[in-house]
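These notes are about the structure you will find just below.
The values are calculated or read from the model by the stated rules, or taken from the named source; none is laboratory data. Here the structure is a predicted model, which means the values were calculated and not measured. Cβ coordinates were reconstructed from backbone atoms using ideal geometry, including for glycine residues, and neighbour counts include every protein chain displayed. The accessibility values were calculated without ligands, DNA or RNA, using every heavy atom of the protein model including side chains. Shrake-Rupley method; radii C 1.70, N 1.55, O 1.52, S 1.80 Å.
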Amino acid sequence: MQKIVRSISTKFRLHQTSFQAVKCLNGQRNNEYKRNNYSFAGNIGVGTILATALYLEWSDDKNAVYAATAPSVQQKHVKEIGKFKENLPFYALEEVGKHTTVESGIWVTYKEGVYDITKFIEGHPGGDQILIAAGSSVEPFWVLYGIHENPHVFDILESYRIGNLNKEDAQHMTADMSDPYSSDPKRHPALKPASAKPFNAECPPSFLVESFYTPNELFYVRNHLPVPEIDPENYELEIYIEGKDKTRVFSLDELKKMPKQTITATIMCAGCRRSEMTKVKPVKGLNWGPAAIGNATWTGVPLREILKLAGVNEDDAKHQHIQFEGVDADVTGKMYGASIPIWKALDKRGDVILAYEMNGVPIPRDHGFPIRVIVPGVVGARNVKWLGKIVVAKDESDSHWQQNDYKGFSPSTDWDTVDFSKSPAIQELPVISAICQPGGGDTVQVQNGRITVKGYAWSGGGQKIVRVDVTADGGKSWHVAKFDHQDSALPPKHWAWTLWSAEIPVENNAKSVEIWAKAVDSCYNTQPESFENIWNLRGVLSNAYHRVRVYLKS
């Protein structure tokens, strides 16, 4: 079988000696990890584990929010990290490779720098996983995550500096290194990155209300690693049922020949509007605004039909979950994974599809080409892109993204007390709304004592928006918005957002006003008034009233 995804190992052609210590820890780490006929280098997670760990430590210390690549004004500082330092000893790469245990000291390299991170290991919440990076360079792997090129992160690394790497070894270590993101697709310039590598971005909120169907080019992008390059001619989707020996395999052509279904569904990131929650107290996560959401038509094969062909018995109580695996990998080198309850997949009213079209055209690479599972009404993290494997299982996915992320917690829970095993994974999302026009800080023309406000509203679980309330006087008076566009589907199969607008009176001679918006869904769920009582350390489920202050012009 041909490889249909370009092996990431070709992007990181590292000198063999840089993995000598890793071989000591795991004789298999230099072999390519292969699953589902997609090839990835086993060592892909080595340095990213350390990179992530260092970044998390900085975030804990500084109460900082994840941000995009460091601003240009800080690049000079970043470029100085890892350079030769006077009055420090030199070490050969061979010597660094001998330091792979706590007893001998855990050493790593970055550019010309040699670092003893043993003391950092002792407090590492991820335990022994970080030892995989021992005796090797972190630089090739940090290329994966431009988000870590931040002065504070490098300051932490530099605090463990013990010496300089032999110049010949330093030059040889990264001689063949290339940018793993060089083959990523081109993006629309209107997208505003929350991080550059991996690429995560949203369009200006004002664009969202211009069309009921979000153009593919402006649909928010949430990636965890470089976008895989997949040959559709050789694409295969595996279906595995726990307890059975046989695995069913479908080609893309076979999937497209099956009866298809088209649904209109909104997909939203769990961190949408996180930037507002950070004003209460900083959190960890990409600094999303209100546009980490989009609405589209999705065409593909109903998942329930595929599962039936694979031999799934819906009356078999031992299977409770449907696990999805993408062909991209998380920071530990494992495939990105997520799962949903089996009832959602098998219920005809669940409308879960394996989509190969988005808004009437082949699904773009950034959004999961050639196949993405669309789980309408459910958080974007479960709508796995670049789908490679489906597992019918007793338990949830053991993926980091299912078990240790995308969960909500009490406002009093912090990183010292959090226990991810105590909270359920987010599935259906709560009701939310946002003001898209005008934007915060805009100057608005007052006409006949009123201003025009536009936005979106949406609720997970297939609920329909029944009302949007808007106020410009702190809630003393509320005005019901009109619906400019709403799908005709009835709950609990109403998957699309609602676009709304309202003409709001403002006081004479007022220089500015703060506009609030809240939505109500068909179960009469509504949004909480403020973020203080829904704050959580990951900044997810940010659905308090949306508030925008604007200036008035008569």
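When each of 182, 206, 211 is tested for being in a helix (DSSP H, G or I), open to solvent by 30 Å² or more (accessible area, probe 1.4 Å) and over 30 Å from residue 99 (Cα atoms), the lone residue that passes is 206. Residues being open to solvent by less than 20 Å² (accessible area, probe 1.4 Å), in contact with a Leu (Cβ under 8 Å, 6 or more places away or on another chain), modelled with pLDDT of 95 or more and charged (D, E, K, R) are entirely absent from the range 379-398.
Contact map, the range 90-119: residues that are outside the structural domain of residue 156 (by TED's automatic domain parsing) and under 19 Å from residue 153 (Cα atoms) paired with residues that are among the small types (Gly, Ala, Ser) and surrounded by 23 or more Cβ atoms within 10 Å (Cβ to Cβ), Cβ distance under 9 Å, separation 6+ or inter-chain. No pairs are found.
Sub-9 Å Cβ pairs linking a first residue in the range 502-517 that is loosely packed, with under 13 Cβ neighbours inside 10 Å to a second residue that is among the polar types (S, T, N, Q), at least 6 apart or interchain, are 508/554; 509/554, ordered by first then second residue. Would the range 274-282 turn up any residue that is out of contact with any Gly (no Cβ under 9 Å at 6 or more places or on another chain) and farther than 28 Å from residue 497 by Cβ? Among the residues of the range 274-282, at least one is out of contact with any Gly (no Cβ under 9 Å at 6 or more places or on another chain) and farther than 28 Å from residue 497 by Cβ, which makes the answer yes. Annotation: residue 88 fulfils all but one of (1) surrounded by fewer than 15 Cβ atoms within 10 Å (Cβ to Cβ); (2) among the aliphatic types (A, V, I, L, M); (3) at pLDDT 60 or above; (4) assigned to a helix (DSSP H, G or I); the unmet one is (4).
Here residue 135 meets each of (1) at pLDDT 95 or above; (2) among the small types (Gly, Ala, Ser); (3) buried (at least 23 other Cβ atoms within 10 Å of the Cβ) with one exception, condition (1). The C-beta contact set for the range 348-360 (first residue under 16 Å from residue 490 (Cα atoms), second residue assigned to a loop (DSSP other than H, G, I, E, B), distance under 7 angstrom, 6+ apart or interchain) comprises 349/492; 349/493; 351/376; 351/493; 351/495.
Evaluated against (1) more than 26 Å from residue 496 (Cβ to Cβ); (2) open to solvent by less than 30 Å² (accessible area, probe 1.4 Å); (3) outside the structural domain of residue 204 (by TED's automatic domain parsing), residue 447 falls short on exactly one condition, (2). Of the strands (runs of 3 or more DSSP E) lying entirely inside the range 443-522, those containing at least 2 residues that are polar (S, T, N, Q) are 443-445, 498-505. Taken over the range 185-203, residues that are surrounded by 21 or more Cβ atoms within 10 Å (Cβ to Cβ) and within 16 Å of residue 359 (Cβ to Cβ) amount to 1.
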